[in-house]
1. Note down all Cβ pairs under 7 Å where the first residue falls in the stretch A:103-116 and is more than 15 Å from B:TYR14 (Cα to Cα) and facing chain B (nearest Cβ under 7 Å), the second is at pLDDT below 95 and not in a loop (DSSP other than H, G, I, E, B), and they're at least six residues apart or on different chains.
2. Taking A:LYS89 as meeting all but one of (1) among the charged types (D, E, K, R); (2) away from chain B (no Cβ under 14 Å); (3) within 25 Å of A:ALA155 (Cβ to Cβ), write down the number of the exception.
3. Would you confirm, using the coordinates I've provided, whether A:ARG225 is touching a residue at least 12 places away in the same chain (Cβ under 8 Å), closer than 30 Å to B:GLN35 by Cα, out of contact with any Ser or Thr (no Cβ under 8 Å at 6 or more places or on another chain) and basic (Lys, Arg)?
4. Please specify each residue of the stretch A:25-74 satisfying the condition of being facing chain B (nearest Cβ under 10 Å) and part of a loop (DSSP other than H, G, I, E, B).
Amino acid sequence: MIDLANPTRFLSIVNRVLPWLVAATVLLFAFGLARAMNAPDDYQQGATVKIMFLHVPSAWLGMMGWGLMSVAALGTLVWRHPLADVAGKAAAPIGAAFTFVCLITGSLWGRPTWGTYWVWDARLTSVLVLFLLYLGVLALYWTAEDPGRGSRAAAILTLVGAVNLPIIKFSVDWWNTLHQPASILRMGGSTIDPSILWPLLIMAAAFTALFATLFLATMRNEILRRRVRAMRLIQAQEVRA
Amino acid sequence: MNLGPHADFIVAAYAVTVFVVAGLVAWVVLDYSAQRRILGDLEQSGVTRRSQRKADQ
């Protein structure tokens with residue numbers, strides 16, 4: 001961990017790991033999509049169950065992204081780890097994108113299944129709140145004049161927003177929702193048939209590999225951006241002197 | 001592969017996902033090359049980071 005705290009050391013590790021992660025992502029998607037396209041139709045939902053292979057992984061990663069940002073926020077505010085703020089800022093746009101995909105694919109799945117694109121039930125609303133929180137954090141990161149203050153404000157909002165994660169997870173148990181209760185991560189095991197569950201798990205692994213790839217690449221970009229900023233400040237000081 | 005009567009919804013879901021993921025990948029790749037180019041320009045103009053100066057000494 002001490003080695004990783006050094007951005008130069010971290011960059012060299014990322015440069016070595018990224019090509020392998022890209023290859024793993026491509027292979028997992030090729031395998032996952034082949035299994036997903038050949039999965040049998042659901043006896044009630046028909047072929048629309050294929051939307052699940054996108055919707056469920058993106059929902060998991062939307063929440064995982066915020067969980068990751070919450071750990072990074074603690075690192076920023078409590079331990080002042082040099083890469084914590086970089087990690088938080090890098091995870092935000094990726095988590096927001098996956099949450100957006102979750103909302104859109106859920107809506108497109110809901111219309112043929114429930115008869116409506118949207119309903120203000122607890123699960124859908126709490127995921128929409130998560131997406132709005134992502135936009136709020138991105139606004140703080142991208143518009144703050146002083147990057148340090150923007151990062152601290154984003155970290156505080158991230159920790160406050162973490163309260164929403166258990167609400168999303170348990171909303172289907174605590175309230176009467178149109179959204180179905182948990183059918184994979186639940187006590188007593190999954191209720192999904194293995195012929196559909198396995199493609200879903202492979203697609204979830206593929207999306208997770210994609211998230212990891214984009215996350216590391218975005219962290220690398222952010223470290224380079226901070227170097228550019230530092231060098232421009234030095235350049236400005238030299239011109240003034 | 002028969003997608004049934006709701007094929008439009010399935011195709012739209014996959015299309016939106018591909019569009020968003022492709023956008024993310026393009027943003028990351030273009031941002032990386034932009035930062036590398038700016039860093040290269042700054043180094044060529046003689047600007048060095050303080051940590052780089054220490055490493056060189």
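The values are calculated or read from the model by the stated rules, or taken from the named source; none is laboratory data. Everything numeric here is computed off the predicted structure, so don't read it as measured data. Reconstructed Cβ throughout: ideal geometry from the backbone, glycine too, with neighbour counts over all protein chains shown.
1. Pairs that qualify, where the first residue is more than 15 Å from B:TYR14 (Cα to Cα) and facing chain B (nearest Cβ under 7 Å) and the partner is at pLDDT below 95 and not in a loop (DSSP other than H, G, I, E, B), are A:PRO112/A:THR48; A:PRO112/B:HIS6.
2. Among (1) among the charged types (D, E, K, R); (2) away from chain B (no Cβ under 14 Å); (3) within 25 Å of A:ALA155 (Cβ to Cβ), A:LYS89 violates only (2).
3. It is false that A:ARG225 is touching a residue at least 12 places away in the same chain (Cβ under 8 Å), closer than 30 Å to B:GLN35 by Cα, out of contact with any Ser or Thr (no Cβ under 8 Å at 6 or more places or on another chain) and basic (Lys, Arg).
4. Within the stretch A:25-74, A:ASN38, A:ASP41, A:GLN45 qualify.
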